[in-house]
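Remarks on the structure that follows.
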Amino acid sequence: MILHLVTDRRRLAGAVPFEDARQCVLQQVRYAVDARIDGIIVRERDLEARDLADLTIAIVQLTRGTKTRVLVNDRVDVALASGADGVHLRSDSIAPAVIRRMTPDGFLLGRSVHTVEEAAAVTGVDYLIAGTIWPSASKPEGHHLLGLDGFSAIVQAVRVPVLAIGGVTIDRVGEVAAAGGAGIAAIGLFMDDADHQCRAVQLDAIASAARAWFDTSGSRS
């Protein structure tokens, strides 16, 4: 199975100066590396390129020599400049074929999708992230929900691994696996529920529980 952690420094650290939030994100990445999380998607869309690159470079340095790969959300320029392993594209982003012409062999490429039609039209990616599956704190109230049936339909429509995102909890991981998902991508799942300045938490137990669900639920991965 595939586990991707999606960063969100504001949810992780609250309204603190960037340097404090940066340190909190890096602590979360250390925990992710220890837990053998497959991918870190650096999703800090409000950051200027300089700060985003600085954060990404630090994350790359922490993951080198480990199984954890680093992808930057939609910013190919920052991903290349920072030595990241790939980029994760929004559903409305540049065509993957264009990205492939700009990047070296082995560069990982993922894309977000929200419908079966959208997923079926995507080519040239290594994986898809489909959602939003369940209500999520990261999406506004009333946001369209794909649901498990829609997620399963996407899995059946494509030939690449599909990860579920949106409202994923440990109790729901088995449902994702049973629907044919190859893994999950999440923000809140990889944070402490406690209300304190940095919600980074050791991830070994969370990752082990998620993998156990996939091992017993008959996923395609």
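Since every read-out is calculated from the coordinates, none of them should be taken as a lab result. If you're wondering where the values come from, they're calculated on a predicted model, not measured in any experiment. Every residue, glycine among them, receives a Cβ derived from its backbone with ideal geometry; neighbour counts consider all protein chains shown.
Take every DSSP beta bridge whose two residues both sit in the chain; close to 5 percent of them are antiparallel. The Cβ shell under 12 Å around residue 66 holds other residues with a net charge of +2, Lys and Arg each +1, Asp and Glu each -1.
For segment 200-208, backbone phi angles converted through the Karplus equation (6.51, -1.76, 1.60; θ = phi - 60°) give residue-by-residue couplings of 5, 9, 4, 9, 4, 5, 5, 5, 5 Hz, Gly and Pro being listed as x.
Projecting label points 7 angstrom from Cα along Cα→Cβ for residue 149 and residue 98 puts them 3.6 nm apart.
Taking the square roots of five times each eigenvalue of the Cα gyration tensor of segment 2-217, the equivalent ellipsoid has semi-axes of 24, 22, 16 Å, listed largest first. Kirkwood analysis of segment 74-200, using all unique Cα-Cα pairs, places the hydrodynamic radius at 15.5 Å. From its DSSP helices (H runs of at least four residues, each -39,500 (n - 2.57)), the chain gives a residue-normalised ellipticity at 222 nm of -12000 deg cm²/dmol. Note: segment 28-69, Cα convex hull, 58 Å³ per residue. Coupling constants for segment 171-181 follow from the phi torsions by the Karplus curve (6.51 cos²θ - 1.76 cosθ + 1.60, θ = phi - 60°), and in residue order they are 5, 9, 4, x, 5, 4, 4, 5, 7, x, x Hz; glycine and proline get x.
Rounded to the nearest 20, the Cβ-based charge dipole of the chain about its Cα centre (Lys and Arg +1, Asp and Glu -1) stands at 460 debye.
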